[in-house]
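Peer 1: Quick one: this structure, given as structure tokens, is what I'll be asking you about.
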Amino acid sequence: MNSKITSLLLIICFGIIFSCEEEETGCENLGGVIPNHYYTFWIRETSGCTSVITVDIYDENGNKRDQSASNKVIRTFFEPNNCEGGDQSYAKYGLAIGRTFRYEAYCNSASGAKTWEGTFKVPCDANGCTLFEIK
């Protein structure tokens, strides 16, 4: 009898743990592992910036995230056709699916410093990629 009660309690506990994880991200539970979705940031060349544009990403707790290569933003007249941007030296962040992040981008311009900021929620597309236009 004790083994049946223990088994039932274990099943209930695992169900609670896994349902909380799924609820937390809003994405399908993958056995407790929360995979990444990738973001590459870009901006239209008409931004007026005279310096490199950089972007920093912060998680829900305000912690700054590390990026793959640099935090330079792709500057182009047209939307890039893939997340690589043709150059590995641009910012590409692997971010946990279902989570919300905040970005801060900045550069120098003829009229002084320019900044952009905002928040976004990462889609549940594990290992996918989003080209994010800074506006």
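Peer 1: What are the residues in segment 33-73 that are of a type in the set (A, V, I, L, M, F, W, C), free of Cβ contacts under 8 Å to residues at least 24 places away in the same chain and under 16 Å from A91 (Cβ atoms), if any?
Peer 2: A69, the sole residue that qualifies.
Peer 1: Let me ask something else about it. Considering segment 97-111 alone, what residues qualify as being part of a loop (DSSP other than H, G, I, E, B) and over 15 Å from N61 (Cβ atoms)?
Peer 2: I97, G98, A110, S111
Laboratory data are not the source of any read-out in this text; all were calculated from the coordinates shown. Remember, it's a predicted structure, so these values are computed and weren't measured experimentally. For neighbour counting, all protein chains shown are included, and Cβ atoms are generated from backbone atoms with ideal geometry for every residue, glycine included.
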